Amino acid sequence: MTDSAITEQTILAGLDAGEFVYYYQPKVSLITGKVIGAEALIRWQRPDGQTVLPNDFIPLAEQTGLIKQISYRMFAKLARDLLIFSDIDSRLVTSVNASAQDFADGRFCTMVLETLEQLCIPTKNLQIEITETTVLNADPDVRKNIQTLCDAGVGLAMDDYGTGYSTLETLSQWPFTTIKLDRSIVGRMLDNPKNQTIAESSIRMAHELDIGIVAEG
């Protein structure tokens, strides 16, 4: 599907038809070699067999406000998958991306917590990923609603760490349980000593702050 063919109407139609699904990328412990969780990656599977990647529809969804509908309506699918994962291993933690718009009011947080409670899914089995931009531009309502989830036991991860303006102050002021070292840093860490030092210092810092760390890619 070309960008010009993706509209607000086609996204809504795809949602109604159940064409949006989650692919799960496993997270593997470099200590034990075992799968300890997964990241839920949204994909749009069109009837013609084409899989549309997030970069092709998420920007429009954010511009039009549809991103809130996508997050809200897709969480039911995520929760059903969390039940399956918990049957495999109750310690598995699944993360999912959320935008600042999702936290503009308390409805998304309320729905998440109510769904988890109804299905008897421990809050610790879910982690919300937000970008550094969301953190830097968060208004008081966004921050308060994110804190509500964290207070209930849901994990919070900073996505794309190392690509922007993250500081120790940012990490100390937000209840992050994980930082995700961006794949651009991971991919270059063997190229020269400086990149390797950046990766090592980020890992060491996370350990000292008692924050989990994920190396992307």
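The values are calculated or read from the model by the stated rules, or taken from the named source; none is laboratory data. Computed from a prediction, not measured in an experiment: that's the story for all the values here. Cβ coordinates were reconstructed from backbone atoms using ideal geometry, including for glycine residues, and neighbour counts include every protein chain displayed. Please note that ligands, DNA and RNA were not included when accessible areas were found on the heavy atoms of the full protein model with its side chains. Shrake-Rupley method; radii C 1.70, N 1.55, O 1.52, S 1.80 Å.
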Checklist line | Filtered residues of the range 108-124 (kept if farther than 11 Å from Leu78 by Cβ, open to solvent by 10 Å² or more (accessible area, probe 1.4 Å) and in a helix (DSSP H, G or I)) | finding: Phe108, Thr110, Met111, Leu113, Glu114, Glu117, Gln118, Thr123, Lys124
Note to self: I'm trying to understand the selection: among the residues of the range 42-99, which are open to solvent by less than 40 Å² (accessible area, probe 1.4 Å) and small (Gly, Ala, Ser)?
What the structure shows: Ala61, Gly65, Ser71, Ala79, Ser86, Ser95, Ala98, Ser99
Margin query: For a quick check of your reading of the model, give me the residue pairs whose first member lies in the range 66-85 and is among the small types (Gly, Ala, Ser), whose second is surrounded by 15 or more Cβ atoms within 10 Å (Cβ to Cβ) and assigned to a helix (DSSP H, G or I), with beta-carbon atoms closer than 8 Å and at least 6 apart or on different chains.
Written below: Ser71/Asp102; Ser71/Phe108; Ala76/Thr115; Ala79/Thr115; Ala79/Leu116
Note to self: Checking Asp151 against (1) over 28 Å from Asp87 (Cβ atoms); (2) open to solvent by 60 Å² or more (accessible area, probe 1.4 Å): exactly one of these is not met. Which one?
What the structure shows: (1)
Next item on the list: Would you kindly identify the helices (runs of 4 or more DSSP H) lying entirely within the range 126-217 that contain at least 1 residues that are modelled with pLDDT of 90 or more and either over 16 Å from the mean Cα position of the chain (by Cα) or under 26 Å from Ile42 (Cβ atoms) (or both)?
Entry: 140-151, 193-208
Next item on the list: Filter the range 57-94 down to the residues that are of a type outside the set (Ser, Thr, Tyr) and not in a helix (DSSP H, G or I), then identify the one that is farthest from the chain's Cα centre (by Cα).
Entry: Asp89
Margin query: Given (1) open to solvent by less than 40 Å² (accessible area, probe 1.4 Å); (2) in contact (Cβ under 8 Å) with a residue 60 or more places away in the chain, identify the lone condition not met by Tyr24.
Written below: (1)
Margin query: Being modelled with pLDDT under 95, outside any helix (DSSP H, G or I) and more than 20 Å from Ile213 (Cα to Cα): is that true of Asp105 here?
Written below: yes
